[in-house]
1. Treating the angle as unsigned and between 0 and 90°, give the value, to the nearest 10°, between the Cα long axis of helix 167-179 and the longest Cα principal axis of the chain.
2. Could you check the simple spin-label distance between A209 and A166, using points 7 Å along Cα→Cβ, in nm with one decimal?
3. How large is the accessible surface per residue of segment 91-183, computed with a 1.4 Å probe and reported in Å² as a whole number?
4. Rounded to the nearest 0.05, what FRET efficiency do A196 and S123 have when you use their Cβ-Cβ distance and R0 = 25 Å?
5. Working from Cα positions, state the angle (0 to 90°, nearest 10) between the long axis of helix 51-65 and the longest principal axis of the chain.
6. Viscosity 0.890 mPa s, temperature 25 °C: give me the Stokes-Einstein translational D for segment 66-119 in µm²/s, with Rh taken as the Kirkwood radius over C-alpha pairs.
7. At a Förster radius of 41 Å, what calculated FRET efficiency corresponds to the Cβ-Cβ distance of K184 and I110, to the nearest 0.05?
8. For segment 141-214, just list the percent of Cα-Cα distances falling in each 10 Å bin from zero outward, please.
Amino acid sequence: MEQEKEKGFHPIYILAACYVASVYLFPVIPYWGSKINTNKGYDFGGWLLVLPLILDIISLIVVIFGKNLIGRTRLLNCAILIKYSLIPLFMIGGFCVVAALLLTFTPVVIMIFAGPMMAVTLSVLGWIVMLGSVPYSLAYIIKSYKQGIHGKAISVIAGIFQFFFAVDVISIMVLALKEKKCAKVTIAIIVLLILAVLAAGIGLIWAIAKAVLA
């Protein structure tokens, strides 16, 4: 059974975990890079800045050339590891994009141009980060379709969704629950997201009410 063969640790999990770590460390990389450059005299920090992209390319190469050695469950686990781990980052990023767009309506003239520019920049960076899980998720979708786990329609839709914010995570959640993989973690994430949305909605209503009644 493939499920039996895929139980336990696999080195590809390290690659997926390293990608997540590189993304979260990205904000502090310029500081570390400047320290290294000062001490060593070469631009090591520049390489650190593109580390997530390098790991993304490595993941793509590993998935392509190791497609017959990596089972669909491990591919799904890697996709889940990256997507679920980056949910907090994308929630913060989404808030920053909304805040940047709201700055457009401030009396400061320069923000009319700076706000949308900041929003576009953050969206592009977020999209590039999102691509880190695409090699694993697409490989899983293709392999699961060929093995008859998922139908053609849901596989095509899920494959397209991998390139769009939010629905990429939702589609993987649906496929994971359908295959009964990581069900408890997926349900827990869904509950936390619902609570987060409710809290954000209540906070927004409270802020609007406070502004109106002030």
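1. With both axes taken from Cα atoms, the answer is about 30 degrees.
2. 2.4
3. The answer is 57 Å² per residue.
4. 0.80
5. 20
6. Answer, rounded: 179 µm²/s.
7. 0.25
8. For segment 141-214, the binned pair fractions read 18, 34, 23, 14, 8, 3, 0 percent.
The values are calculated or read from the model by the stated rules, or taken from the named source; none is laboratory data. In this text the structure is predicted, and so the values were computed from the model without any measurement. Positions of Cβ are generated from backbone atoms using ideal geometry, with glycine treated the same way; all protein chains shown enter the neighbour counts. These area figures cover heavy atoms from the full protein model, side chains too; ligands, DNA and RNA do not enter into them. Shrake-Rupley method; radii C 1.70, N 1.55, O 1.52, S 1.80 Å.
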